[in-house]
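Report on one structure; see the data block that follows.
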Amino acid sequence: GQVRYSVPEEAKAGTVVGRLAQDLGLEAGEAEARRLRLVAQGRRASVEVSGASGALLVSSRLDREELCGKSAPCALRLEVLVERPLRVFHVELEVTDINDNAPTFRVDEEALNIAELSVPGSRFPLEGASDADIGANAQLSYTLSPSEYFSLDRQGNTDQSASLGLILTKSLDRETIPVHRLLLKATDGGRPSLTGTMELVILVLDANDNAPQFNQSLYKVKVLEGSELGTLLVTLNATDPDEGINSDITYVFSRHASTKVKEMFTIDETKGEIRLQGKLDYEEMDSYEIPVEARDKGSPPLSGHCKVVLEVLDVNDNAPEVRVTSLSVPVAEDASVGTVVALLSVSDRDSGENGRVRCWVWPASPFGLEATFAGSYSLVLREALDRERVSEYEVEVRAEDGGAPALRGRRGLRVPVSDVNDNAPAFAQAVYTVLARENNAAGAELARLWAWDPDEAGNGRVSYSVWEGGVGGGWRPASSYVSLDAESGRLWALQPLDYEELQVLQFEVRAVDAGEPPLCGNATVQLFVLDENDNAPALLLPPAAGWAAEAGGVAGEAALAAASGGSESGTLWAWAAWGAPAGQVVAKIRAVDADSGYNAWLRYELWEPRGKSPFRVGLYSGEVSTARALEEADGPRQRLVIVVRDHGEPARSATATLSVSLVEAAETAPAAGSSSSSSRSASGAELGPGAASAATNVWLVVAICAVSSLF
């Protein structure tokens with residue numbers, strides 16, 4: 001709504017105009033807390049708002065005539081703002097008139113030339129007084145000092161058509177009284193009334209006794225503003241019944257014409273044509289009064305008078321103006337729909353349809369306009385904002401009037417969007433697979449993790465950490481193996497990794513932003529330790545009691561035994577019968593490698609003796625068998641050196657020495673019968689059936705395939 005107050009002009013500074021805060025519905029003390037204040041206007045309002053009481057006070061001298069001139073009523077439109085939330089109120093302050101201006105005449109003395117032959121009843125126009133006040137205070141009445149020759153006459157009631165004249169009541173005699181001095185007094189309608197005076201000096205002239213007469217005393221003309229210079233406005237016509245030189249008429253502007261009229265118009269002295277010589281602007285002045293005098297060339301010359309009232313018609317020559325009253329930026333991206341971003345005022349100096357304005361916002365989203373009062377709008381939020389999508393808006397408020405053709409005005413606004421922490425950090429991958437070789441150096445960089453947060457400043461600054469909630473590698477936490485740099489996301493090894501201890505380490509990492517409240521994102525890291533060939537093959541140790549086995553699963557053909565207290569430490573002992581056929585298994589070397597894959601895939605080679613040995617070794621089985629039938633020429637004992645190698649790079653190896661005694665078949669029976677078919681030697685040789693050897697090979701192949709699939 002609108003609050004209205006009135007105050008008389010010339011009110012003293014400090015005069016309370018109205019309890020503004022109370023009338024706006026504000027509680028006690030709320031006016032100061034919400035910064036109740038006036039918005040600066042184009043012209044000085046001479047009023048202010050008391051911050052403590054919220055009252056509207058007179059701050060300086062109020063002069064209605066200075067503020068509004070002759071306009072009535074004199075209403076000042078004020079805009080009042082309060083904050084938290086931001087609102088605007090409109091206050092209309094009417095400055096009422098007091099009778100502080102006395103009537104004034106343009107001159108203190110006016111001389112009139114009146115022909116001696118003027119007949120009684122003749123009327124001579126006089127320039128009236130003016131009063132800067134309005135209403136009753138400007139209603140003037142006139143009185144003339146007593147005279148038997150003249151009386152005062154006033155015609156018409158309106159300001160434009162009112163005419164003051166001096167009426168001749170008795171024939172003049174210049175020889176008797178050549179000069180008449182009268183006092184014209186103007187009194188206004190105020191209480192108390194004020195007066196102004198002017199002395200009339202009337203010179204009685206002899207001779208030419210007929211003055212020119214216009215065919216009408218008042219001419220009304222309408223013309224469009226902006227008309228071209230030289231445009232003919234009106235042609236005046238006056239006649240004089242005299243003859244000869246006394247009837248020759250010259251048209252001139254009356255001496256009462258203002259300087260502005262003489263600058264704007266010209267008059268042809270012979271034809272009586274009034275033409276335009278200045279630029280008409282409706283917004284500057286919408287009407288002109290042109291007093292014209294028709295003067296004959298008699299001696300003395302006589303003159304007739306008329307008034308031309310020129311009305312200026314408005315054309316659509318002013319575009320709407322958009323002015324920003326208040327702007328609240330930046331706007332938080334979580335601002336609610338309906339938030340007021342700016343207050344605007346729109347005006348058009350034209351009138352009627354030419355001054356009727358419609359407004360809109362471009363682009364149409366996410367902002368809109370709401371009309372709060374005539375010519376006042378609020379720019380409000382219509383849709384939710386997202387700074388990560390659009391961080392700043394260029395908004396244009398456009399206005400168009402109703403003229404033909406329509407004119408437009410526009411005002412651009414820059415509305416930045418401030419960030420809130422509404423996005424959690426997100427890793428580039430949900431699962432990171434990291435491959436690391438064992439025996440790496442402590443402090444070696446394993447991988448670099450990266451998470452992105454689209455927020456800005458602290459809301460988008462990410463720090464990394466290993467989440468202890470994810471435990472890997474058995475009973476030890478992940479933080480005992482690796483470290484994560486909080487700023488760069490680099491993953492470091494805290495210690496050398498051992499494949500034989502840890503093959504796979506799975507843990508979670510967390511990225512947390514610096515917002516309030518902080519948001520976080522998680523990712524899983526799977527660390528696979530790659531095996532290095534850092535373990536040599538190891539021969540399997542048998543039970544301490546010793547052993548003997550049936551060779552090839554056939555008793556009496558070949559036997560293998562090792563003495564627990566042999567003369568050669570680490571030497572394997574075995575027996576073989578004379579005449580054993582080719583392919584007879586004498587012993588089997590068993591070894592294992594702590595590595596995996598190719599690094600644990602073992603091969604067995606006969607290192608000594610080289611050349612034509614009666615024995616051979618299975619490349620992958622480790623079985624020692626006869627290469628041909630054994631003969632007495634082979635001697636009583638054969639010493640074999642067997643090398644066990646893995647497939648690593650570089651390869652690692654172990655050496656086993658096997659001593660095979662050649663005996664009669666009957667001597668091998670007791671040894672074969674006293675032991676089980678699957679015992680082991682003290683240094684790693686084993687006698688067993690072919691089924692045990694085949695099973696071992698199967699499991700070795702399965703292990704190699706499993707490791708290869710994992711890689």
Using the basic label-point model (7 angstrom from Cα toward the beta carbon), what is the Gln526 to Val16 distance in nanometres?
8.2
Given the Cα atoms of segment 44-142, and with Rh set as the inverse mean 1/r over their pairs in the Kirkwood sense, what is Rg to Rh to two decimals?
1.28
Which are the unpartnered cysteines of the chain, meaning those with no other cysteine Cβ under 4.7 Å from their Cβ?
Cys306, Cys359, Cys520, Cys705
Can you tell me, using C-alpha contacts under 8 Å and at least 6 residues apart, the relative contact order of segment 294-373 as a whole percent?
24
In the chain, with Lys and Arg counted as +1 and Asp and Glu as -1 at Cβ, which of these residues, Ser163, Ala384, Cys705, has the Cα nearest the positive end of the dipole, that is, farthest along it?
Cys705
If you put +1 on each Lys and Arg Cβ and -1 on each Asp and Glu Cβ, how big is the dipole of the chain around its Cα centre, in Debye rounded to 20?
1780
For the charge dipole of the chain, defined by +1 on Lys and Arg C-beta atoms and -1 on Asp and Glu C-beta atoms about the Cα centroid, which residue among Ala478, Val292, Val340 has the Cα displaced farthest towards the positive pole?
Ala478
Let me have the relative contact order for the chain, percent, based on Cα pairs under 8 Å that are six or more residues apart.
7
Specify which labelled value, from (1) 56.5; (2) 66.4; (3) 33.9, agrees with mean projected area of the Cα convex hull in nm² derived from the coordinates of the model shown.
(1)
Got the relative contact order for segment 109-205 handy, in percent, Cα pairs under 8 Å and 6 or more residues apart?
40
If you place +1 on the Cβ of every Lys and Arg and -1 on the Cβ of every Asp and Glu, how big does the dipole about the Cα centre of segment 213-313 come out, in debye to the nearest 20?
120
Run the reach check for Lys12 against lysines, Cα to Cα strictly under 26 Å, same-chain hits fewer than 8 apart removed. What comes back?
Lys70
Summing -39500 (n - 2.57) over the DSSP H runs of n ≥ 4 in the chain and dividing by its residue number, what mean residue ellipticity at 222 nm do you reach, to the nearest 500 deg cm²/dmol?
-1500 deg cm²/dmol
Which angle between 0 and 90 degrees, to the nearest 10, do you get for helix 690-710 versus the longest principal axis of the chain when only C-alpha atoms count?
10
Where nothing but the Cβ of Lys and Arg (+1) and of Asp and Glu (-1) is charged, how large is the charge dipole of segment 2-96 around its Cα centre, in debye to the nearest 20?
180
For segment 232-301 and segment 601-664, write down the distance between their C-alpha centroids in whole Å.
145
For a distance above 18 Å, tell me the whole-number percent of Cα pairs in segment 426-530 that qualify.
45
Asp286: accessible area at probe 1.4 Å, nearest 10 Å²?
80
Hey, what's the Kirkwood Rh for segment 213-313 if you take every pair of different alpha carbons, in angstrom?
14.0
Taking segment 170-275, which trypsin sites (Lys or Arg not before Pro) meet the DSSP loop condition and have no more than 14 other C-beta atoms within 10 Å?
Lys170, Arg255, Lys271
If you restrict to DSSP beta bridges whose two residues both lie in segment 2-96, what percentage is antiparallel, to the nearest 5?
70
Neighbourhood net charge (10 Å Cβ-Cβ; Lys/Arg +1, Asp/Glu -1) for Ile134
-2
Taking the Cβ-Cβ separation of Asp422 and Leu619 as r and a Förster radius of 56 Å, what is the calculated FRET efficiency to the nearest 0.05?
0.25
What does the net charge come to around Trp699 if you take all other residues with beta carbon closer than 14 Å to its beta carbon, with K and R at +1 and D and E at -1?
0
Checked against the positive end of the charge dipole of the chain (+1 on Cβ of Lys and Arg, -1 on Cβ of Asp and Glu, about the Cα centre), the farthest of Val80, Ser351, Val3 is Val80
Give me the percent of the accessible area of the chain that comes from carbon and sulfur atoms, probe 1.4 Å, all protein chains in place.
50
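The values are calculated or read from the model by the stated rules, or taken from the named source; none is laboratory data. Since this is a predicted model, take the numbers as computed values, not measurements. With ideal geometry, Cβ positions are generated from the backbone for all residues, glycine too; neighbour counts draw on all protein chains shown. Accessible surface areas use protein heavy atoms only, side chains included; no ligands, DNA or RNA. Shrake-Rupley method; radii C 1.70, N 1.55, O 1.52, S 1.80 Å.
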